[in-house]
Amino acid sequence: MSNTLALSAAMLLAGFGIPLMAAANASLGAAVGPAQSAILLFGAALIVSLAIAAGWGGVSPDLVTHPKAWLGVAGLVVVFYILSITVAAPRIGVGTAVMLVLIGQLVSAALVDHFGWFGAIEVKISAMRLAGLALMAVGFVLARRPG
């Protein structure tokens, strides 16, 4: 299997997991509260991440002693996502919540690629790419319409 195919499969699997995580965390949030469910989720993530890091050679002391402050934005985004999906999914539905997240991801990804933010490979936004993004957004909206 080529590296691109394996990475694509991993991303498809990660995408498959997002609605499952949203539904599970919404249920957990209803039982213990949104902030408490986030603490449990991040606690589990920390344990799993430390185990994976140990298998890949451990954690560099530089990570703790000389962190790059701008990389913390990812942590803030994750916390915002977890808390917002935990609160929104039970009220507007997992499908609608995830659809809105996906539309936001499409727009954000296009901007990150266009400007090469955070060292990403630059892929400029073209008219064709904008049309594709618009069609995907329309498809998400149509998929969530009743009937």
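The values are calculated or read from the model by the stated rules, or taken from the named source; none is laboratory data. Please read all numbers here as calculations on a predicted model, not as lab measurements. Cβ placement follows ideal geometry from the backbone for every residue including glycine, while neighbour counts extend to all protein chains displayed.
Which of (1) surrounded by 15 or more Cβ atoms within 10 Å (Cβ to Cβ); (2) modelled with pLDDT under 85; (3) more than 30 Å from A38 (Cβ to Cβ) is the odd one out, the single condition F140 does not satisfy?
Of (1) surrounded by 15 or more Cβ atoms within 10 Å (Cβ to Cβ); (2) modelled with pLDDT under 85; (3) more than 30 Å from A38 (Cβ to Cβ), only one is false for F140: (3).
Run down F118, F140 and say which single residue is among the aromatic types (F, W, Y), more than 23 Å from F16 (Cβ to Cβ) and touching a helix residue (DSSP H, G or I) at 6+ places or on another chain (Cβ under 9 Å).
Matching residue, one of F118, F140: F118.
Does segment 108-119 contain at least one residue that is in the same structural domain as V141 (by TED's automatic domain parsing), among the β-branched types (V, I, T), surrounded by 10 or more Cβ atoms within 10 Å (Cβ to Cβ) and modelled with pLDDT of 90 or more?
yes
Can you tell which of L133, L63 is more than 24 Å from Q36 (Cα to Cα) and outside the structural domain of M21 (by TED's automatic domain parsing)?
L133
If you go through segment 68-101 one residue at a time, how many are closer than 21 Å to L142 by Cα and touching a Pro at 6+ places or on another chain (Cβ under 8 Å)?
Adding up the residues that qualify gives 3.
Mind checking which pairs have a first residue in segment 103-128 that is over 30 Å from L142 (Cα atoms) and a second that is of a type in the set (G, A, S) and outside any helix (DSSP H, G or I), Cβ under 9 Å, 6 or more apart or different chains?
Filtered contacts from segment 103-128: E122/G116.
Just the residues that are part of a helix (DSSP H, G or I) and either surrounded by 13 or more Cβ atoms within 10 Å (Cβ to Cβ) or touching a Ser or Thr at 6+ places or on another chain (Cβ under 8 Å) (or both), please, taken from segment 120-129.
Passing the criteria: only R129.
Filter segment 99-117 down to the residues that are part of a helix (DSSP H, G or I) and not aliphatic (A, V, I, L, M) and list them by number.
Of everything in segment 99-117, those that are part of a helix (DSSP H, G or I) and not aliphatic (A, V, I, L, M) turn out to be G104, Q105, S108, D113, H114, F115, W117.
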